[in-house]
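> Sharing a structure with you now.
The values are calculated or read from the model by the stated rules, or taken from the named source; none is laboratory data. Keep in mind that what you see is a predicted model, and the values were worked out from it rather than measured. Please note: Cβ atoms are built from the backbone with ideal geometry, for glycine as well, and neighbour counts cover all protein chains shown. The protein model used for the area step is the full one, side chains on, heavy atoms only, and it has no ligands, DNA or RNA in it. Shrake-Rupley method; radii C 1.70, N 1.55, O 1.52, S 1.80 Å.
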Amino acid sequence: MAEKPKKILYVQYTNPAAFPPLENSAWILANSGWKVKFLGTEALGFENISIVTHPNIESVLVPFCPAGLKQKIHYVKYLFSALREIASRDYQCVYVSDLFSSPVGWLGAKFFKIRVFYHEHDTPEVPHSTFTRLLHWTRTQLSEKAEVCVFPQEERAKKFLAQFSKAKVLTCFNMPLKSTISSIDKASTHPEFVLWYHGSLLEERFPLEVVKALKYLPSQVKLKFAGYETLSSKGFVERLLRCAKEYGVEERVEYCGVFARAELFQIAQHYHLGLVLFDRKFVQPMVGASNKPFDYLACGLPILTNDSKDWVEFFEKKGLGKSCNPESVESIAQAIRELLADTDQFCNMRKRGLEKISTEWNYEAQFAPIQKLLEN
């Protein structure tokens, strides 16, 4: 008698393509023989981006619904459709990935006795309404019911465990798959020195000081970026390009558009220095949770990061990049000048980054403990 296929349902009240770790884990499981189904929603900024294609991966997205009363109805319908999916199919596991999917995880574990894995990519905001308080209550219940609660950052995992002492917790950094590693020799293929950024486009993660710093750098230094504006950052691309014009560097700044993840890796590997600069007021711990530094290293790009202790310890002291004050034009420009002046150091950073991704900083290694639990 043929063995039943292993099936897992990913549930998130957003577009799963917005979360690279979901794509990565789905790809790993699909290659291991799992049938993977995503049940999510469409999301602004991701209209032309779909989840990774694989014969064992299926994705069902309900249409996007803007905030308001209709969205509440839309959400309730989504919950019922997710629970109906669990009840009518023989899934071994449900993998829930945000606060809005926690009711599905809790109800699935409580009433359908299905194994639930909770992977919290973003720490939810403090509840400010009856609705969000209810969501937080289900998150509390799920903390005990879940097989394991997964976090992309150690501080977040410790904070969750301090709040929910009965939870089983694992940390899984947001690292890329080994298949994304670049083999391009930049020293011989590109005469320019291109700064590169991809991701959500908002000033808290992509400071205008980077554009201003170009004025104080050699003309060979260019800035290219790709990504999507968020609901709170509409008009940011136009504002950034306007800033470039004001500083007389508009010919050296280029917005490349929105791309699927695989395309981003193909584009980024042709450039030189990856930007990972967060506003100092950005309070959520991001070392390990931010995909960008690991993506850049896989593409052969050393990184320019914040000069705060956690970023310096995790990246700069390992010889993978340089740090600076993200709010200082001079600090950014000086860090880039130093990298330009020492070609050997820069090449060594690139080699170390590629080696690190190849040997341990990859999603196969990070996801292995979770996959082991799933396979049991």
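> Restricting attention to region 160-206, report how many residues are part of a helix (DSSP H, G or I), farther than 16 Å from residue 353 by Cβ and among the charged types (D, E, K, R).
So the answer is 0.
> Among the listed residues 261, 252, identify the single one that is touching a strand residue (DSSP E or B) at 6+ places or on another chain (Cβ under 6 Å) and basic (Lys, Arg).
Going through 261, 252 in turn, the sole match is 252.
> Still on this structure, I have one more. Restricted to region 135-190, and to residues that are of a type in the set (Ser, Thr, Tyr) and in contact with a Gly (Cβ under 9 Å, 6 or more places away or on another chain), which residue is modelled with the lowest pLDDT?
183
> Something else about it: Tally time: how many residues in region 161-180 are more than 22 Å from the chain's Cα centre (by Cα) and open to solvent by 40 Å² or more (accessible area, probe 1.4 Å)?
6
> To continue, here is another question. For region 236-256, name all the residues that are open to solvent by 20 Å² or more (accessible area, probe 1.4 Å) and either without any contact (Cβ under 8 Å) to a residue 24 or more places away in the chain or not in a loop (DSSP other than H, G, I, E, B) (or both).
Those that are open to solvent by 20 Å² or more (accessible area, probe 1.4 Å) and either without any contact (Cβ under 8 Å) to a residue 24 or more places away in the chain or not in a loop (DSSP other than H, G, I, E, B) (or both): 238, 239, 241, 242, 245, 246, 250, 251, 252, 254, 255.
> Would a scan of region 325-348 turn up a residue that is open to solvent by 20 Å² or more (accessible area, probe 1.4 Å), touching a helix residue (DSSP H, G or I) at 6+ places or on another chain (Cβ under 7 Å) and closer than 22 Å to residue 151 by Cβ?
no
> Would you mind telling me which numbered condition in (1) in contact with a helix residue (DSSP H, G or I) (Cβ under 7 Å, 6 or more places away or on another chain); (2) at pLDDT 95 or above; (3) of a type in the set (A, V, I, L, M, F, W, C) residue 265 fails?
So residue 265 meets the others, but not (2).
> Something else now. Could you list, in sequence order, the residues of region 95-146 that are basic (Lys, Arg) and touching a residue at least 24 places away in the same chain (Cβ under 8 Å)?
Within region 95-146, 110, 115, 139, 145 qualify.
> Within the set of pairs 6 or more residues apart or between chains, which connect a residue that is farther than 10 Å from residue 8 by Cβ and of a type in the set (A, V, I, L, M) inside region 27-40 to a residue that is part of a strand (DSSP E or B) and open to solvent by less than 40 Å² (accessible area, probe 1.4 Å) with Cβ atoms less than 6 Å apart?
Close Cβ pairs (under 6 Å, with a partner that is part of a strand (DSSP E or B) and open to solvent by less than 40 Å² (accessible area, probe 1.4 Å)) amount to 39/11.
> Between a residue in region 76-87 that is in a helix (DSSP H, G or I) and any residue that is open to solvent by 70 Å² or more (accessible area, probe 1.4 Å), which pairs come within a Cβ distance under 7 Å, given they are 6 or more apart or on different chains?
86/112; 87/112
> Taking the conditions exactly as written (of a type in the set (A, V, I, L, M, F, W, C) and open to solvent by less than 50 Å² (accessible area, probe 1.4 Å)), does residue 116 satisfy them or not?
Here the answer is yes, as residue 116 does meet what is asked.
> Are any residues in region 51-75 touching a Ser or Thr at 6+ places or on another chain (Cβ under 8 Å), more than 24 Å from residue 374 (Cβ to Cβ) and in a loop (DSSP other than H, G, I, E, B), and if so, which ones?
63, 64, 65 - these are the residues of region 51-75 that are touching a Ser or Thr at 6+ places or on another chain (Cβ under 8 Å), more than 24 Å from residue 374 (Cβ to Cβ) and in a loop (DSSP other than H, G, I, E, B).
> In region 92-123, what residues are closer than 17 Å to residue 14 by Cβ and either in contact with a Pro (Cβ under 7 Å, 6 or more places away or on another chain) or in a helix (DSSP H, G or I) (or both)?
99, 100, 101, 102, 103, 104, 105, 121
> Can you find even one residue in region 223-235 that is among the small types (Gly, Ala, Ser), open to solvent by 70 Å² or more (accessible area, probe 1.4 Å) and assigned to a helix (DSSP H, G or I)?
yes
> Now a separate question. Could you give every pair whose Cβ atoms fall below 8 Å, whose first residue belongs to region 322-335 and is closer than 10 Å to residue 304 by Cα, and whose second residue is charged (D, E, K, R) and surrounded by fewer than 16 Cβ atoms within 10 Å (Cβ to Cβ), counting only separations of at least 6 or pairs across chains?
322/338; 326/279; 326/280
> Another question, then. Return yes when residue 314 is open to solvent by 10 Å² or more (accessible area, probe 1.4 Å), farther than 25 Å from residue 242 by Cα and in contact with a helix residue (DSSP H, G or I) (Cβ under 9 Å, 6 or more places away or on another chain) and no when it is not.
yes
> Residue 259 is checked against (1) part of a strand (DSSP E or B); (2) open to solvent by 40 Å² or more (accessible area, probe 1.4 Å); (3) in contact (Cβ under 8 Å) with a residue 60 or more places away in the chain and fails just one. What number does that condition carry?
Result: residue 259 passes all but (1).
Residues checked against (1) closer than 17 Å to residue 38 by Cβ; (2) open to solvent by 40 Å² or more (accessible area, probe 1.4 Å); (3) of a type outside the set (S, T, N, Q); (4) in a helix (DSSP H, G or I):
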{"residue": "90", "(1), (2), (3), (4)": "no, yes, yes, no"}
{"residue": "125", "(1), (2), (3), (4)": "no, yes, yes, no"}
{"residue": "138", "(1), (2), (3), (4)": "no, no, no, yes"}
{"residue": "158", "(1), (2), (3), (4)": "no, yes, yes, yes"}
